[in-house]
Amino acid sequence: AKSGPPPRIAARISAETASAGGVDVRQFASDVQVDGDDVTMSPLTFQLFGGRYQGSLSARLGKTLSATLRSRLLDLDVARLAEFGNAKDTITGTLTGAGTFSGSGRDFGAVLANARGNGTAKIINGTIHRLGLVHTIVVFFGKPAADAPAASDAFDSIDLRFGLQNQLFT
């Protein structure tokens, strides 16, 4: 006996506020599509830490789970992010970044354990508490150039490239 076509659902989910993993977000919105074992949330958008998240999540459910997350962060307030991570008053600036991550396994824990991917991030116009100390150490060990700027905790830009594999970020 034939069981019929797989279930198909299409919906728009939105909420003025939401919380996940202790992070409060605003203006959550996503188009969700379920087609049998395939689940897609795209686009997936919300506001957090004074900035925005834009991305998508696609997953396949069944005996083996798989998921791919595409993410883009725009204009996050790094001081608010640091405070959330229990590092208040250590860094300021504005964070923008992007990454793609995927994994598969028999259950959600295995999907996370097998996750891999890469991304980029940039923090601009910020400060790092005691960054000026680096200048002091350099001056101690050698002579700075005559036109070297004075010690400061400020920076213009920090650029990052990272990868995730074997549960390690590099």
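Between A29 and R60, what is the spin-label point distance in nm, taking each point 7 Å from the Cα along the Cα→C-beta axis?
With each label point 7 Å from Cα toward Cβ, the separation is 3.1 nm.
May I ask you to give the average projected area over all directions of the convex hull of the Cα atoms of the range 1-123, in nm² rounded to one decimal?
8.8 nm²
Enter the Cα centre distance for the pair the range 1-59 and the range 89-121, rounded to the nearest angstrom.
Cα centroid of the range 1-59 versus Cα centroid of the range 89-121: 17 Å apart.
Could you provide, to the nearest whole Å², the per residue accessible area of the chain with probe 1.4 Å?
That works out to 69 Å² per residue.
Using only Cα atoms, find the angle between the long axis of helix 132-141 and the longest principal axis of the chain, and express it within 0 to 90 degrees, rounded to the nearest 10.
50 degrees
Of all accessible surface on the chain at a 1.4 Å probe, what whole percent is carbon and sulfur?
Reported share for carbon and sulfur atoms: 56 percent.
So if R0 is 25 Å, what FRET efficiency would F155 and A20 give, r being the distance between their Cβ atoms, rounded to the nearest 0.05?
Efficiency for this residue pair is about 0.20.
In whole Hz, what ³J(HN,Hα) sequence does the range 96-107 give by Karplus (6.51, -1.76, 1.60; θ = phi - 60°), x for Gly and Pro?
Listing the rounded values in order: 10, x, 8, x, 10, 9, 8, x, 8, x, 6, 8 Hz.
Say a site is exposed when it is one of the trypsin sites (Lys or Arg not before Pro), sits in a DSSP loop, and has at most 15 other Cβ atoms within 10 Å; what is then the longest site-free stretch of the chain?
Of all site-free stretches, the longest is 3-62.
The values are calculated or read from the model by the stated rules, or taken from the named source; none is laboratory data. As the structure is a computational prediction, the values presented were derived from the model and not from experiment. Glycine also receives a Cβ, built like all others from the backbone with ideal geometry; neighbour counts cover every protein chain displayed. Accessible surface areas use protein heavy atoms only, side chains included; no ligands, DNA or RNA. Shrake-Rupley method; radii C 1.70, N 1.55, O 1.52, S 1.80 Å.
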